[in-house]
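Notes follow the structure.
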Amino acid sequence: MKVAVVGATGMVGGVMLKVLEERGFPVDVLLPVASEGRGRTVRFRGQDVPVIGMEAAIAQRPDLALFSAGGGTSLEWAPRFAEVGCTVIDNSSAWRMQADKKLVVPEINGDVLRAEDRIIANPNCSTIQLVLTLAPLHKAYTVERVIVSTYQSVTGTGMKAVSQLENERKGVKGDMAYPFPIDRNVIPRCDVFTDNGYTKEEMKLVNETKKILDPAIRVTATAVRVPVTGGHSEAVNVEFANDFELDAVRELLRNAPGIHLLDDPAKDEYPMPLIANGRDEVFVGRLRRDETQPRTLNLWIVADNLRKGAATNAVQIAETLLRQGLLRERVASA
Ligand SMILES: NC(=O)c1ccc[n+]([C@@H]2O[C@H](COP(=O)([O-])OP(=O)(O)OC[C@H]3O[C@@H](n4cnc5c(N)ncnc54)[C@H](OP(=O)(O)O)[C@@H]3O)[C@@H](O)[C@H]2O)c1
């Protein structure tokens, strides 16, 4: 398969290359794409592969393109790739809420994929870890309302934000990705504010959870940037229609796909970005009843936002297309 990784020189793009290699994805020809080659290369399977521009990549008619190059870039270029028979899986928010575009977490709704899906949206990093945890609980107890507070890693903003944190820790001046210092600080704003006083990130959590799981679920969110690099953390309060036994909830999560239950406070066992960093699982812990309200659970969810929150989920979508014979079929018909 001829695979383009668009944004190959970025945070997510770099992890995308690692995940493709680790999972042995059938890449015959790799096309690493960025704004311009500029003589850059990326490392893939022990080889230095030259970085190319968009037009050069399209001219090679790739079968699959994994995009992580920003929303504007995706709106402009993803249709161009689709026109040459390429399936695009996009990490930006550009296509997520469009009615005709599928928003996919393979463990939850991989079965919605169809041969005619040319541009497929990968959900927001904070949404993926939340819905992957809620899906088995929704099936068992029907989720009615979710309150989520996030503690989001600077890697979620990209290379520039990681440099800002490192510079601040070294006490040197540099480019700012945030309006304020992030080291020794937390910033209650991820992405821009919208008219209702919520940020775009908070509204992604609300709208994407409804699109993936169930439009009837009521969601409210507060998204906060914290000086961490290993992963996003979420404090979640979930109200169900039906009551639950905590042990039964633990059993459900212990056996849920993509979930790693880490819940033994007595032994100081609970999820942290230090544990999730570089791993593909979503870590869940600190399970306890909300004693102020019936049928309500508190839990804590941590995942590496560059992996299950972006690159790994996107590659899993491609694997699902392959498994369902959707990707190959298209290549044959193109
Ligand atoms: N970071 C996360 O946790 C995360 C999670 C989910 C989704 N996302 C989404 O993934 C995207 C990338 O995020 P990131 O953190 O990897 O950002 P990043 O580190 O800033 O990387 C951006 C990448 O996009 C490329 N690019 C930018 N404009 C381009 C253009 N016009 N043509 C071709 N390539 C272009 C850059 O190439 P140059 O090197 O040439 O500039 C670079 O490779 C964003 O849309 C983000 O919302 C990120």
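The values are calculated or read from the model by the stated rules, or taken from the named source; none is laboratory data. No experiment lies behind these values; they were computed from the predicted model shown. Note that we place each Cβ from the backbone using ideal geometry, even for glycine, and neighbour counts take in every protein chain shown. For accessibility, only protein heavy atoms count, side chains too; no ligands or nucleic acids. Shrake-Rupley method; radii C 1.70, N 1.55, O 1.52, S 1.80 Å.
Numbers for the structure displayed
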{"read-out": "Considering residues of the stretch 148-193 that are of a type in the set (Asp, Glu) and within 15 Å of the ligand (Cβ to nearest atom) only, the residue nearest to Asn277 (Cα to Cα)", "value": "Glu166"}
{"read-out": "Residues satisfying the stated conditions in the stretch 76-94, i.e. within 20 Å of the chain's Cα centre (by Cα) and away from the ligand (no atom under 11 Å from the Cβ)", "value": "Ala78, Thr87, Val88, Ile89"}
{"read-out": "Out of Gly110, Gly70, sole residue that is under 30 Å from Ala235 (Cα atoms), under 14 Å from the mean Cα position of the chain (by Cα), small (Gly, Ala, Ser) and not assigned by TED's automatic domain parsing to the domain that holds Leu287", "value": "Gly70"}
{"read-out": "Residues within the stretch 119-152 that are free of Cβ contacts under 8 Å to residues at least 40 places away in the same chain and outside the structural domain of Cys190 (by TED's automatic domain parsing), tallied", "value": "1"}
{"read-out": "Matching residues in the stretch 14-60 - criterion: being open to solvent by 40 Å² or more (accessible area, probe 1.4 Å), away from the ligand (no atom under 14 Å from the Cβ) and either closer than 24 Å to Arg96 by Cα or outside any loop (DSSP other than H, G, I, E, B) (or both)", "value": "Glu21, Glu22, Val29, Arg43, Gln47, Asp48, Ala59"}
{"read-out": "Which listed residue is free of Cβ contacts under 8 Å to residues at least 60 places away in the same chain and surrounded by fewer than 24 Cβ atoms within 10 Å (Cβ to Cβ), from Gly72, Gly85, Gly110", "value": "Gly72"}
{"read-out": "Check on Gln98, farther than 25 Å from Ala34 by Cα and within 12 Å of the ligand (Cβ to nearest atom)", "value": "no"}
{"read-out": "Options Leu165, Leu213; residue that is over 22 Å from Leu297 (Cα atoms) and either assigned by TED's automatic domain parsing to the domain that holds Leu287 or buried (at least 18 other Cβ atoms within 10 Å of the Cβ) (or both)", "value": "Leu165"}
{"read-out": "Complete set of residues in the stretch 1-13 that are among the hydrophobic types (A, V, I, L, M, F, W, C), away from the ligand (no atom under 13 Å from the Cβ) and outside any loop (DSSP other than H, G, I, E, B)", "value": "Val3"}
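Here is a yes/no grid of residues against (1) surrounded by 15 or more Cβ atoms within 10 Å (Cβ to Cβ); (2) under 23 Å from Val5 (Cα atoms); (3) among the acidic types (Asp, Glu); (4) in contact with a Leu (Cβ under 9 Å, 6 or more places away or on another chain):
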| residue | (1), (2), (3), (4) |
| --- | --- |
| Pro265 | no, no, no, no |
| Asp280 | yes, yes, yes, no |
| Ile301 | yes, no, no, yes |
| Gln324 | yes, yes, no, yes |
